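The values are calculated or read from the model by the stated rules, or taken from the named source; none is laboratory data. It should be emphasised that the depicted structure is a prediction, and the values quoted were computed from it without experimental measurement. In this analysis, Cβ positions are derived from the backbone assuming ideal geometry, glycine residues included, and neighbour counts consider all displayed protein chains.
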Amino acid sequence: MLIAARVVIGLFYIVMGLGLIKDFAPVTELMASRGIPAPGILLPLTIAIWFIGGGALLANYYRKQASLGLLVVTIVVTLVIHNFWSASPEQFANEMQHFLKNVAICGALLALAAI
């Protein structure tokens, strides 16, 4: 079960990192619209953390550290980008779904870090 959890969460972050590369310009614009400073620097840093952390989970390499690093970035992204409480009525449900998904992923990361 632990191997399956590592693979699923690791692949999740790698696939999400690929998606951020594909949508780099719109994500950078979104970050800027949310008041995030230097999105052109922070987005590549986030992508790198997601690739490195996801790969580390896949390889079972520094699993605890990788899980905790991904946890920190996921918490920040969740609170700053998916803050449904500030979303427009049109975006409320979408942002809440992303928020809750990320909360569940944070639980999985905590479990991986604890094992």
Exercise for the section: Check segment 85-95 and report whether any residue there is in contact (Cβ under 8 Å) with a residue 24 or more places away in the chain and either at positive phi or surrounded by 12 or more Cβ atoms within 10 Å (Cβ to Cβ) (or both). Expected result: no
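I'm trying to understand the selection: among the residues of segment 42-62, which are loosely packed, with under 13 Cβ neighbours inside 10 Å and among the small types (Gly, Ala, Ser)? Before you say what the answer is, go through the steps one by one.
Residues of segment 42-62 that are loosely packed, with under 13 Cβ neighbours inside 10 Å, as a first pass: 45, 48, 59, 61.
Once the filter is applied, which keeps residues that are loosely packed, with under 13 Cβ neighbours inside 10 Å and among the small types (Gly, Ala, Ser), segment 42-62 yields 48, 59.
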Completion exercise
Scanning segment 11-67 residue by residue, the ones that are within 21 Å of residue 80 (Cα to Cα) and of a type in the set (Gly, Ala, Ser) total 11
Completion exercise
Scanning segment 32-56 residue by residue, those over 14 Å from the mean Cα position of the chain (by Cα), among the hydrophobic types (A, V, I, L, M, F, W, C) and in a helix (DSSP H, G or I) turn out to be 32, 41, 56
Handout entry: Residue match in segment 19-26 (condition: touching a residue at least 40 places away in the same chain (Cβ under 8 Å), among the aliphatic types (A, V, I, L, M) and assigned to a helix (DSSP H, G or I))
Key = no
Exercise for the section: Could you grab me the full set of residues in segment 102-115 that are surrounded by 13 or more Cβ atoms within 10 Å (Cβ to Cβ) and not hydrophobic (A, V, I, L, M, F, W, C)? Expected result: 102
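Being in contact with a Ser or Thr (Cβ under 7 Å, 6 or more places away or on another chain), of a type in the set (A, V, I, L, M, F, W, C), surrounded by 13 or more Cβ atoms within 10 Å (Cβ to Cβ) and more than 16 Å from residue 110 (Cα to Cα), is that true of even one residue in segment 63-73?
In the first step, residues of segment 63-73 are kept if they are in contact with a Ser or Thr (Cβ under 7 Å, 6 or more places away or on another chain); the result is 73.
Imposing the further condition that a residue be of a type in the set (A, V, I, L, M, F, W, C) reduces the set to 73.
Remaining after also requiring surrounded by 13 or more Cβ atoms within 10 Å (Cβ to Cβ): 73.
Adding the requirement that they be more than 16 Å from residue 110 (Cα to Cα) leaves none.
Scanning segment 63-73, I find no residue that is in contact with a Ser or Thr (Cβ under 7 Å, 6 or more places away or on another chain), of a type in the set (A, V, I, L, M, F, W, C), surrounded by 13 or more Cβ atoms within 10 Å (Cβ to Cβ) and more than 16 Å from residue 110 (Cα to Cα), so the answer is no.
Considering only residues of segment 22-76 that are aromatic (Phe, Trp, Tyr), touching a helix residue (DSSP H, G or I) at 6+ places or on another chain (Cβ under 6 Å) and farther than 17 Å from residue 101 by Cβ, which is modelled with the lowest pLDDT? Working first, answer last.
First pass over segment 22-76, keeping only residues aromatic (Phe, Trp, Tyr): 24, 50-51, 61-62.
Within this subset, residues satisfying the condition of being touching a helix residue (DSSP H, G or I) at 6+ places or on another chain (Cβ under 6 Å) are 50-51, 62.
Applying the additional criterion that residues be farther than 17 Å from residue 101 by Cβ yields 51, 62.
Working: 51: 97, 62: 94.
If we take residues in segment 22-76 being aromatic (Phe, Trp, Tyr), touching a helix residue (DSSP H, G or I) at 6+ places or on another chain (Cβ under 6 Å) and farther than 17 Å from residue 101 by Cβ, then 62 is modelled with the lowest pLDDT.
For residue 90, indicate whether it is touching a His at 6+ places or on another chain (Cβ under 7 Å) and among the acidic types (Asp, Glu).
For residue 90, the condition - touching a His at 6+ places or on another chain (Cβ under 7 Å) and among the acidic types (Asp, Glu) - is not met.
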